[in-house]
1. Is at least one residue of region 141-151 over 22 Å from residue 80 (Cβ atoms), modelled with pLDDT of 95 or more and buried (at least 19 other Cβ atoms within 10 Å of the Cβ)?
2. Kindly list the number of the only condition in (1) more than 20 Å from residue 74 (Cα to Cα); (2) out of contact with any His (no Cβ under 8 Å at 6 or more places or on another chain); (3) at pLDDT below 95 that fails for residue 103.
3. Looking only at region 146-156, decide whether some residue is hydrophobic (A, V, I, L, M, F, W, C), under 25 Å from residue 28 (Cβ atoms) and more than 16 Å from the chain's Cα centre (by Cα).
Amino acid sequence: MNYIGMISAVFIKSAFDKKDWLDDKRPEIAFLGRSNVGKSSLINSLVGKKGLAKTSNTPGRTQSINFFLINDAFYFVDLPGYGFAKVPGKMRQSWSKMAEEYLKNRQQLKLSIQLVDSRHDPSELDKTLNEWLIFYRKPHIIVATKIDKLSSNDLKKSLTKIERAFPKSKIIPYSSVTGGGRNAVWQEIKAAIEI
C-alpha cells in the first residue's frame, strides 16, 4: 500500500553526541518510549522494510539517536529507550540527557510519537514523558503498540486505561504485525510535516 508515495527509506547514521546530529534542516519525526516497546518495529512497519531499524528482544538495544531518511524529504529519528535497559547507570544518564536535549531544542522536530505497550499499564516514566511533552508544548501522539497480542476485550480495557493516563493526547492503537493503525499514524506525520 502506498501511504505518501513511498519511494525510499534509508538509515543515515547513529549519533552518540550532539555534534553528530544532522543539520540539513529537513523536518524530523521522533520515536520515543520505554525500552522494548517496539520503536524499531513501528519504524519498519511504517516504511514497509523489515530490517531498516534493528530490532532486538534485549531492552536497551538502541543506545544512540538513529536517523533514517524517508523519501529524501524528512527523517524518522529513533531515540534511545528509557526504563529497564540493562546498561550502566552513567550510560543511561547520558542517553536521557541527550534525548531530552534533542526533544527540547531541536528546531527540525515536527512531531514526537510516544509509544506505550498496550499489554501493560502506562508506567510513571511514560506519564512523566507525556507531561513533559505537554508542558513544553511539543506536538505529539501516543501509539499503543502490540495490539495484535491482545483479545478485543482486553484491548478495549487497555485502551481505556491508556486514555485515562494520557487524557490530553491523541492515541492510536497499532500493530506492527498486521499494519493496523498504519494509515492513522501516516496521516499525523503528513499533517505535521505538511506534505
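The values are calculated or read from the model by the stated rules, or taken from the named source; none is laboratory data. Because the structure is a prediction, the values reported are computed rather than measured. Backbone-built Cβ (ideal geometry, glycine too); neighbour counts: all protein chains shown.
1. Just the residues of region 141-151 that are over 22 Å from residue 80 (Cβ atoms), to begin with: 147-151.
Then drop every residue that is not modelled with pLDDT of 95 or more, which leaves 147-151.
Adding the requirement that they be buried (at least 19 other Cβ atoms within 10 Å of the Cβ) leaves 147.
Yes, that holds for at least one residue.
2. Unmet for residue 103, out of (1) more than 20 Å from residue 74 (Cα to Cα); (2) out of contact with any His (no Cβ under 8 Å at 6 or more places or on another chain); (3) at pLDDT below 95: (1).
3. Applying the first criterion (hydrophobic (A, V, I, L, M, F, W, C)) to region 146-156 yields 147, 150, 155.
Cutting the leftovers down to under 25 Å from residue 28 (Cβ atoms) gives us none.
Within region 146-156 (the criterion being hydrophobic (A, V, I, L, M, F, W, C), under 25 Å from residue 28 (Cβ atoms) and more than 16 Å from the chain's Cα centre (by Cα)), the answer is no, since none of the residues qualifies.
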